Every structure is written in structure tokens, then in C-alpha cells.
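Down below is the structure, laid out as C-alpha cells.
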Amino acid sequence: MGYFIQQLVNGLTLGSIFGLIAIGYTMVYGILGMVNFAHGDVFMIGGFISVITFLVLGLFGLTWVPFALVCMLIMSMLFTSLHGWAVERIGYRALRNSNRLAPLISAIGMSIFLENYVQLLQGARNKAITRMLAGGFQLLEDSSGFTVQVSYMQVIIIGTTIVLMAGFALMIAKTELGRQQRACEQDMRMARLLGVDVDRTISLTFIMGAALAAVAGMIWLLYYGIVDFYVGFLAGIKAFTAAVLGGVGSLPGAMLGGMLIGLIEVFFSAYFSTQYKDVAAFAILVMVLIFRPTGLLGQPDVEKV
Amino acid sequence: MTAPPLLRVEHLTMRFGGLLAVDDVSFDAADRQITAIIGPNGAGKTTVFNCLTGFYKPTVGRLALNSSEGSEHFLERMDGFRIAQHARVARTFQNIRLFPRMSALENLLVAQHNRLMRASGYTAFGLFGLPVYRHAQAHAVERARYWLDRIGITARADDNAGTLPYGDQRRLEVVRAMCTEPVLLCLDEPAAGLNNRESAELNELLLFIRDEHKIGVLLIEHDMNVVMKISDYIVVLDHGRRISAGTPEQIRNDPAVIRAYLGEEVDEALPAEVARDLGVPATAPRGQP
Amino acid sequence: MAVSEIAVAAGSRLERPFVDILKDAAITGAVTFALALPLVGFQTVDQTTAIVLRTRFPELFYAVAVIFLGRLLMLLTNAGLARPIAAATGALSLLWLANGFFDVFEPPHMVLGWLTWIADTVVALRAALVMRRRQVAAAGYLRSDFGEHVVVMVNRLGGWLAPFVAAFAVALPFLPFADQRVMDIGIAILTYVMLGWGLNVVVGLAGLLDLGYVAFYAVGAYTYALLSTKFGFNFWEALPLAGGMAASFGIMLGFPVLRLRGDYLAIVTLGFGEMIRLILLNWSDLSNGARGIGDIPRPSFFGMPFTPAPPEGVVAFHQYFNLDFAPIHRVIYLYYIILLLALVTNFFTLRIRKLPIGRAWEALREDEVACRALGINPTNTKLTAFAIGATFAGFAGSFFATRQGFISPESFNFLESAIILSIVVLGGMVSQIGVVVAAVVLIGGPEWFRDLSAYRMLAFGALMVAIMVWRPQGLLAHREPTVRLNDPKRAKPS
């Protein structure tokens, strides 16, 4: 029982990361109908910018942990969202009315470019930082004597994720920007005719998605203490799986899907095999797409003939 | 005993979630006749078509197709492509769906795909250029030429379909459907966006198809000029229900139809343009033939 | 700054206020600066205990300056200064190349030198294009699409050149400069040409984006490796089995997923490719895991091996033909095997395009709904494309296994799929000769210039984006109808 709860906590932590990335996929898919293949790499860039911010702060001796964490969060969100914006502006904007294959190939090119860009600029090796926040507390001890440990880091991670997701959901539901975004999602042409600045709305969608991915990248760095240029590939695919599982286009779906994928991966590793955990993630993706392509919370789209 | 009609639609109902798009519609479409389905926008005409051609599975209903050769198919049970392949129901679309980056000729050859696939031994004979395939291919090209001649665009046969003028694209889509050798041809607003001359050319083509190729034609159309001139039988839908059916003469004088087109509130005489569309005297008060 | 002086002098002629242009370029520069600041400006360097930070500000400022000037010149070109800018940047482009040889001026980093040259050349070409367009417009007629015209010319030229290219490929081993290295590069290029042609069936013709193509390559390679090392099959016996195995994997994967929409299909194929790799990596009983399979038999020439000292009772190739033993014989033989396989692929794909199945693929790519209404079974039709593409990958895979003699899962990662896809995309999708050109440039180039190979994938990625933005239908995409009714040479009645 204790082992199970421990895995549950670990799974939710990992799920937070996937959920934050998955929102970016789902939003872009909702508004443009394309898979932003480079989104996983934007997440990776978020991790790298966190490392660099951490080191810059170190140069100035600013290592008080709460301050450093807030700085890293802000810098990483700021610069990563700029990357997200640039990806859309350079790679996708011109292709908005093109055939379906073109933006996807452009996105793959973008992903390959970003991975190699970071590898060449920052080196191919792992970037490891010292643990910023050690320690934790004992949640409970079960009858067999297994103690469930929750680190402070896990608390911060799950807490931050919940706050961010709630704030984000609120923004989409209540603000002018959220309204414009939903309008573009429904019917881009009509939204434009009604005076919505479609380009700006799409740019903001990418910026928000990238900002959340940046948080995920920073969390990844804090949790694992390590980041490399290739980390976005697998994490991106898993987050995409999460978005599909939850129902592409649905924000609560992305969060739910992220949590589920995190839990599945952790439990699969804990009870079956760590070697095949990635295979399990891919298998889920294929299964969902075959048996329930609309995901858990997605709307079925009726083909218009 | 008389033969069953070419198409018998019984109690067709299509429900999308809470929306009842088609509600218990029944009608027949006879062989060698043009049957038109008319009705205001949102009446469920295209949904009927989509059920007939397998793009939607009807919620309730029977769609029986009896070809003159004696075969019988129940379309509600079949996949879309099987309806076209086995029951031989061909259709066109409201928004033209040609293959824009393939030539007009290729569009017509793709329509003969199943026959050519068999002749090419599912590609094996074709790969080595065996005569059996070469003959089939030449035959298919001849059939395509026949139809291209009919609509007068043989000279542009090798141009991409997407570059043809709009009216030619409309008619090319119709003859592409004809290349599948259908027993029932379903046309979804073929005259939409055509000018008077193009519209007249289309009428001529449809009458030619009915009289020379002796098949049934099912037609959705808004343009009353076309409908009244060439239909043998008209079914009127409104809000998913069948409100009337009969010959053009009967429909023209049916108060229910006029009401559906004008709405409940209008009590005055028909506006001139509506009257012209429906073909009734502009001064006739509503409901008085 | 010389250029801005010209601009100011010509200020009255500008079609947009110079201040406006300057502001626009400055914003671009500022955004570039912000983008490049963290990743270019700082470098994380691994040291024994931890990572430390170094700065790269000269590089950062250089890059920002290049982008700023490039944008400025681009805007000035559009505002009516095409002629002087074309001349200036064209000259600079040549000067820069010369500088590359003589090292007069050295940019902070080699890559920045390339960036300068590329940016400058792009500006020059664009200015030339704008100039030409204005002239043509002034002359009173406008060619609808100049690019289209060029593409048609290139394709026509490609048709003429194809036999010469093929003849060159056949003759290559006997040319004086064909040493071991040249032959190895030739083999690598031909392998990718074959893979590109195979993937072209799936991506170019059928319009299905397959990101896991390398999985079928892996299936072919492992099929041959296992059949030969465990059951003693020789290469020619195993080849059809490898192709068949890859095809059945294609069908197995394709059957459930091919009804998915395009982008879902892409992701699923990607997942499938990774799954195959992970299974090969972890299922050690079958595949020997990460250690891979070694000692895979090399192909023999009608039963004659290419070894210096064959076992008793076996005649080696050089003995039968009374030649001195030379390792290059085998390389040449391998070269001809892959050339043969590639030519078969070419013949097959060219031929099948003109058959009903090929037309149905293209029709499906254009409009699936219309295809269903015409009685074409979309799933089966896509499945054949998938299976045929997979078969060629399987053939190429078993060739790869016999050429290397050793395979491991690491040879079949996503990067390989990405390279093959870039060859197809950069080659123009559907264009056979385009694939050859792309493979020569993308595979041959980095093999030849080893120092540049680190930048290869960077350039692939950037080119894929650039080509999609510039010509979404593919670089050399030009389609000849599969069958004609009228003689194209006769003038069309208008």
C-alpha cells in the first residue's frame, strides 16, 4: 500500500510536467489544427534557459533559493515564450492556408533545427545542476514498514502546476484574450471579420503554450537535476500522447491526460519493467488513436461533406 | 406486378446528438427520371444525400436500391465506397470536389478505378504492360474522351482540373460521377454559382444523361429554373420533414411549399423574385393556387 | 554605413519613409538579440565537478548585426532600391567567398561567416528577383509564376539528364578517381536514393507522412541478419523474405492507423518507429540488445565469396576471374547490388505511378472524400502504398546489414527517418531526379566535408522549414499527367 502511494506521488509529479507541455499541443491544435512538432523542443529550451539563469545568478552570488527559483521561472518563461513566438512567426505563419502536410513538415524541420541548434551552442552532454532544494517529509508508514517520502520539491512542483493550470483555465474562460482565442478556434475567418486580430491571437497562443512548456522544462531540471538537448523529443511525444488521450483541443483533457500518462509511466516502471516504459507510452498513443481518436474529453468532429 | 422503384427511401431519420436533421422521410426515385429534392436551407437535403452515399449511417430507416438489372442493395448497411462500387450510386458535392492537381482526363480515369484495377490484375499485369491491361486502359481513355467531348472540354483534357473555369469544373464533376457507370446519380446543387448559359448547358447534360444513359438522377437544387424545367418528380423537405411530393405542376401550386419558402408570418402577396423562382403569378395571395 | 548613405541619398525615391524602415529593422534586431541572448550569449561548459558559464558576446553582437542589416536591406529592396542592393550584395557575396579562401577578415566563428554569406546571398537573390519583377511589370506583361517556370525547366532537364546520370553511376567503379572512399560514398548515396524513392511512394504520391520509415529499414536489416546468422540463408535468398517481412509490418501497422487523419498518422508512425527500436534494444534474446548482431555474412557473387583465402572446395571471386585479390572488389560488388536495387525501385515507382493504383494514391492525397464517392477503398489503397514503401525499406535494410556486417538498434533511430524524409522533401516530393540531387547533396556533402557534418542536421532542419515556407508543394514539385489525350506539342486552341 505504501509503495502504491509513493508511486502515486511520483506519478503525479511526472504527470504535472506532461500536463504543462500537453496544454501547448492542445491549444495550437485547437486553433490551427496542426501538431506543433517543435513544442517538445521548446520545452527543452525552457530547461536550458533555466540552467543558464541558474548559472548567471550563481555568478552574482544570488543563490537564496526562493529568489533563485522565482528568477529562473520568470526568465525561463520570458525567453522561452519568445522562442515559441519565433517558431510560429518563421515556420508556420506563411503556411496557414496551405495543404495539411506543409506545416507539419515545417514543424518537423523546426524541431530538428532547434535540437541541433541547442546541441551545437551548448554541447551534447548532460547539463547537471546541484540540487537546489533537498529534504522532504514522511507522509505515512504502512503496516509493512514502507515509508512514503514526499520531497519538498515534489510539493512545489505539484503546487505550482495546480496554480498555473487553474490560473490558465480562468484566463481562457474569463478574459478578452481567452474569448478571442476561443472565437478563432471556432471559426478563424468569422473571427477576423468581427475584428479579432487573428495573427496576434495565434501568436499569443504560441507564447502561452511556450511559457507553460518553459515551466515544465524548469520543473524537469529541478526534479531530475539534469537536462540535455534531446530531452524534448521523448517528453514531447509523451506530452502529445497526453493531449490525445485527454482529447486534442480540450484544456482539461490535456491536464487529465498529462496526469494519466505520468501515472501510467511510473506505475508501469514500478510494477512491470522500466525498459519498456517508453514502449508502453507509445502503445497507449496508438491504442487511443485507434479506439477513441477523440480522447477522453474531446468532442467528436463530424466530417463535413 | 410492377417492378420496385430504383430507390425507395423509407422512414429515413438522422439524428446528430439533440438535432434531428432528417425526420422520418420517405420517398421513391424512379429509374430514367430526374427526381429533385428541394427545400429551404437547413431542410436536411444534403443529410439525405450523405445517408444515401454512406457518409452518414442513418439513425433509422431503409434505403433500398433496385437496379434494372435485378440487383438489390440496402444502402444503410454499406460503407461509403462500397455503395459507389457495388450498388453503383455516384454523387457530386455542393463544394466541387475534383482532384485539382490532376488533369481532367485523370479525374475521369480515377473514376474508373475499380474496373481498371481488375484489368491490371491488381497492378501485377499493369506493371509489365500486359495487353489485357493496355486494352482496358485504352478503353477507359475512350470513355473519358466520350464524356469530355460531351461537355466540350476535350481540348483542355490534359490541364489540371483546378485550372478549368468554374462551370466546366461543375460539369466535369458530373461526368466524373458518370464514369463510374452508376445506376443512380446524385447531384448536390450542381447549378450553384452558374450563370444562365452555364445553367442551360447543365440542364442539357442532365437530360442527356437521363434519356441516353437511362439512369435515375436525384437532384438537390435551389435554382427553381433548373428544378421546374427538368424534374419529373419533386420532393420538398422542410426542417427535416417531407412536406410535399409530386410533379412540378403539383408542387408549384402546393400551399405548404409556398408557406415553407416564405415563412409563417408573411401574409402579403408573394414578392416578385420569389414568385419568379417558384413560377407562380406574382399577385397570387399565399395559399390560393 | 555605406548602404544607409545610399538610402538617405535616394531618400526621395524610397516608397516608404526611411525612418520607418529603420525602426522595423531595429525591432527585428532587438528581437534577434533577445532570442539569441541566453543560448548564444552564454555557453555552459562542462568541467570536472560542475558546469561553468562562459560568455560569447562578440558572436552575439555579430549575429544580431547581420540579421539587422539583412532585414534593413530586404526592406530597402522592397521600397525601391533593388538595383543598387542587388549589385552591392552580389559583389559582397563573391568577396565573402574569396575571403573564405584568403582569410582576410575573420568573423568570430566559422558558422557566423556562413550565416553572413547566406544572409547576403539571399538578399542579393531577392533583390535580383524584385528587380526583374519590376522590369517585367514595366514592360507590360507579367509571368504568372516565375518559380513554376524554372521548376518545369529543371524537371525537363532532369528527364534529359537521367540516362546520363544512370550511365555515370554504372561506369563509376571504372573511372580513375574511384577509390575505396569514393565507392563508399557512392554506396551511401545510393542507399539513401533508394530509401528516398521508396518513401516517395508513401509521402509524395499517397500523401501519407510516415515518420517511422526507418522501422521498416530496421525490420529488413534484422530479418536478414537473423536469417543469415541463425539459419544460414544467403543474401539473395533472404532479400525477398526481408522485403516481405517489412511489408507485413507495414500492413500490420497500417491497417489500424491508416484511417487516421494526416497528422495523427505522422505521430503514430513516429511512435511505431521508436517502439521497434526500443523492442530491438530490450529484447535481447532475439536481437542481442544494444550489443547488436555481428558477423553478418557478406554477399557472394554466384556463390563465390570475396575473401583472400576461401575455405576448401570454394572458389573465391578473384581466383575464378584470375585477378589479384583486392578488397575493393567486394566494395564494387556491393555498389552494383545497391545500384541494381535502386534502379529496380526507380523502375517500379515510375511505372506504378501511371497505373490505376498510382493514380488512386494521388487522388487520395488530393481528396479522400471524393475518392470514397467514386468507389475507391481508401484503407486498402493507402495500405498498398504503405506496404510497397515498406518493402523497399526492407530491401535497403538487408543491404545495409550485409554491407556493414554489424547492426545494432542505434542505427535505426528517428534521426535516420528524419534524414530520409528531408531527402524526399528537399528533393521536391514526387520528383525522382530531385531525390537523387538531394541525396547527393545531403549524404555525399557531409561524407565528403567531414568538418561540416556536425552542422548537417542543423542545415537540414532549416532547409525543411525554408522550403515549406517558400514552396509548400515541394521544391521541384511539378507534375506531368500520367496519361495524355492531346499531343502537348500541338498548340492548344485557346
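The values are calculated or read from the model by the stated rules, or taken from the named source; none is laboratory data. Keep in mind the model is a prediction, meaning the values are calculated, not measured. Here the Cβ is made from the backbone with ideal geometry for all residues, glycine too, and neighbour counts use every protein chain on show.
Any residue in segment C:326-348 that is β-branched (Val, Ile, Thr) and surrounded by fewer than 18 Cβ atoms within 10 Å (Cβ to Cβ)?
Of all residues in segment C:326-348, those β-branched (Val, Ile, Thr) come to C:328, C:331-332, C:337-338, C:344-345.
Within this subset, residues satisfying the condition of being surrounded by fewer than 18 Cβ atoms within 10 Å (Cβ to Cβ) are C:328, C:344.
So far as segment C:326-348 goes, yes, one or more of its residues are β-branched (Val, Ile, Thr) and surrounded by fewer than 18 Cβ atoms within 10 Å (Cβ to Cβ).
For segment B:75-120, a tally of residues being within 18 Å of the chain's Cα centre (by Cα), under 30 Å from residue B:11 (Cβ atoms) and assigned to a helix (DSSP H, G or I) returns 10.
Testing residue B:200 on (1) part of a helix (DSSP H, G or I); (2) within 24 Å of residue C:376 (Cβ to Cβ), one condition comes back false. Which one is that? Against the list (1) part of a helix (DSSP H, G or I); (2) within 24 Å of residue C:376 (Cβ to Cβ), residue B:200 comes up short only on (2).
Take the residues of segment C:248-264 that are of a type in the set (A, V, I, L, M) and surrounded by fewer than 24 Cβ atoms within 10 Å (Cβ to Cβ): which is farthest from the other protein chains (Cβ to nearest Cβ)? Before the answer, list the steps.
Within segment C:248-264, the subset of a type in the set (A, V, I, L, M) is C:251-253, C:257-258, C:260.
Next, only the ones that are surrounded by fewer than 24 Cβ atoms within 10 Å (Cβ to Cβ) stay: C:251-252, C:257-258, C:260.
Working: C:251: 15, C:252: 11, C:257: 7, C:258: 11, C:260: 6 Å.
Step by step, filter segment C:248-264, then rank; the result is C:251.
Of everything in segment C:79-126 that's more than 31 Å from the chain's Cα centre (by Cα) and in contact (Cβ under 8 Å) with a residue 60 or more places away in the chain, which residue is surrounded by the fewest Cβ atoms within 10 Å (Cβ to Cβ)? Taking the candidates together, the pick is C:80.
Here B:148, B:116 are screened, and the one residue that is out of contact with any Pro (no Cβ under 7 Å at 6 or more places or on another chain), under 19 Å from residue B:103 (Cβ atoms) and touching a residue at least 24 places away in the same chain (Cβ under 8 Å) is B:148. Whenever a residue of segment C:30-48 is more than 17 Å from residue C:65 (Cα to Cα), its partners that are charged (D, E, K, R) and surrounded by 15 or more Cβ atoms within 10 Å (Cβ to Cβ), lying with C-beta atoms within less than 9 angstrom and at least six residues away or across chains, give the pairs C:42/C:56; C:43/C:56; C:44/A:127; C:46/A:127.
Listed by position, the helices (runs of 4 or more DSSP H) enclosed by segment A:103-221 that each have at least 3 residues that are under 17 Å from the mean Cα position of the chain (by Cα) and either modelled with pLDDT of 85 or more or away from every other protein chain (no Cβ under 14 Å) (or both) are A:152-174. From the list B:76, B:72, the lone residue that is surrounded by fewer than 15 Cβ atoms within 10 Å (Cβ to Cβ) and touching a Leu at 6+ places or on another chain (Cβ under 8 Å) is B:72. Only residues that are of a type in the set (Gly, Ala, Ser), at pLDDT 85 or above and surrounded by fewer than 24 Cβ atoms within 10 Å (Cβ to Cβ) were counted in segment A:236-250, giving 0.
Within segment A:286-304, identify whether any single residue is in contact with a strand residue (DSSP E or B) (Cβ under 9 Å, 6 or more places away or on another chain), modelled with pLDDT under 90, surrounded by fewer than 24 Cβ atoms within 10 Å (Cβ to Cβ) and not in a helix (DSSP H, G or I), and answer yes or no. Among the residues of segment A:286-304, at least one is in contact with a strand residue (DSSP E or B) (Cβ under 9 Å, 6 or more places away or on another chain), modelled with pLDDT under 90, surrounded by fewer than 24 Cβ atoms within 10 Å (Cβ to Cβ) and not in a helix (DSSP H, G or I), which makes the answer yes. When segment A:169-186 is filtered for residues that are crowded, with 16+ Cβ neighbours inside 10 Å and more than 21 Å from residue A:19 (Cα to Cα), the ones remaining, listed by number, are A:180, A:183, A:184. Filtering segment B:102-116 to residues that are within 19 Å of residue C:369 (Cβ to Cβ) and among the polar types (S, T, N, Q) leaves B:107, B:112, B:114.
For segment C:342-360, filtering for residues that are touching a Ser or Thr at 6+ places or on another chain (Cβ under 9 Å) and more than 10 Å from every other protein chain (Cβ to nearest Cβ) leaves 2.
Is there a residue being surrounded by fewer than 23 Cβ atoms within 10 Å (Cβ to Cβ), part of a loop (DSSP other than H, G, I, E, B) and at the interface with chain C (Cβ under 8 Å from one of its Cβ atoms) anywhere in segment B:49-61? Within segment B:49-61 (the criterion being surrounded by fewer than 23 Cβ atoms within 10 Å (Cβ to Cβ), part of a loop (DSSP other than H, G, I, E, B) and at the interface with chain C (Cβ under 8 Å from one of its Cβ atoms)), the answer is yes, since at least one residue qualifies. Restricting the first member to segment B:7-27 and to residues that are free of Cβ contacts under 8 Å to residues at least 40 places away in the same chain, and the second to residues that are surrounded by fewer than 18 Cβ atoms within 10 Å (Cβ to Cβ) and of a type outside the set (D, E, K, R), the beta-carbon pairs closer than 7 Å and six or more apart or on different chains are B:16/A:302. Residues that are within 12 Å of chain A (Cβ to nearest Cβ) and in a helix (DSSP H, G or I) within segment C:421-451 comprise C:421, C:422, C:424, C:425, C:426, listed in sequence order. Considering only residues that are buried (at least 24 other Cβ atoms within 10 Å of the Cβ) and in contact (Cβ under 8 Å) with a residue 60 or more places away in the chain, look in segment C:365-386 and name the one that is farthest from the other protein chains (Cβ to nearest Cβ). Ranking the candidates gives C:386 first. For segment B:89-116, a residue qualifies if it is within 7 Å of chain C (Cβ to nearest Cβ) and hydroxyl-bearing (Ser, Thr, Tyr), and exactly one does: B:103.
Conditions (1) part of a helix (DSSP H, G or I); (2) at the interface with another protein chain (Cβ under 10 Å from one of its Cβ atoms), marked per residue:
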residue	(1), (2)
B:122	no, yes
B:133	yes, yes
B:146	yes, no
B:158	no, yes
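Would you please name the residue that is nearest to the other protein chains (Cβ to nearest Cβ), looking only at residues in segment A:23-37 that are within 15 Å of residue A:297 (Cβ to Cβ) and either of a type in the set (Lys, Arg) or crowded, with 24+ Cβ neighbours inside 10 Å (or both)?
Of the residues in segment A:23-37, the ones within 15 Å of residue A:297 (Cβ to Cβ) are A:23, A:25-27, A:29-30.
Next, only the ones that are either of a type in the set (Lys, Arg) or crowded, with 24+ Cβ neighbours inside 10 Å (or both) stay: A:23, A:25-27.
Working: A:23: 17, A:25: 10, A:26: 13, A:27: 15 Å.
The qualifying residue nearest to the other protein chains (Cβ to nearest Cβ) is A:25.
The set of residues in segment C:222-242 that are in contact (Cβ under 8 Å) with a residue 40 or more places away in the chain and more than 15 Å from residue C:292 (Cα to Cα) comprises C:234, C:235, C:236, C:238, C:239, C:242.
Yes or no: residue A:88 more than 9 Å from chain C (Cβ to nearest Cβ), under 29 Å from residue A:250 (Cβ atoms) and within 23 Å of the chain's Cα centre (by Cα)?
Numbers: more than 9 Å from chain C (Cβ to nearest Cβ): yes; under 29 Å from residue A:250 (Cβ atoms): yes; within 23 Å of the chain's Cα centre (by Cα): yes.
Against the criterion (more than 9 Å from chain C (Cβ to nearest Cβ), under 29 Å from residue A:250 (Cβ atoms) and within 23 Å of the chain's Cα centre (by Cα)), residue A:88 qualifies.
Annotation note: Cβ proximity below 9 Å between a residue of segment C:272-285 that is more than 7 Å from chain A (Cβ to nearest Cβ) and a residue that is crowded, with 24+ Cβ neighbours inside 10 Å and acidic (Asp, Glu) (sequence gap 6+ or interchain) occurs for C:273/C:210.
Scanning segment B:160-186 for residues that are surrounded by 21 or more Cβ atoms within 10 Å (Cβ to Cβ), within 12 Å of chain C (Cβ to nearest Cβ) and part of a loop (DSSP other than H, G, I, E, B) gives B:179, B:180, B:182.
Of all the residues that make up segment C:322-345, how many are more than 21 Å from residue C:402 (Cβ to Cβ) and not charged (D, E, K, R)? Steps first, please.
Quick first cut of segment C:322-345, residues more than 21 Å from residue C:402 (Cβ to Cβ) only: C:322-324.
If we keep only those that are not charged (D, E, K, R) as well, we get C:322-323.
Qualifying residue count, segment C:322-345: 2.
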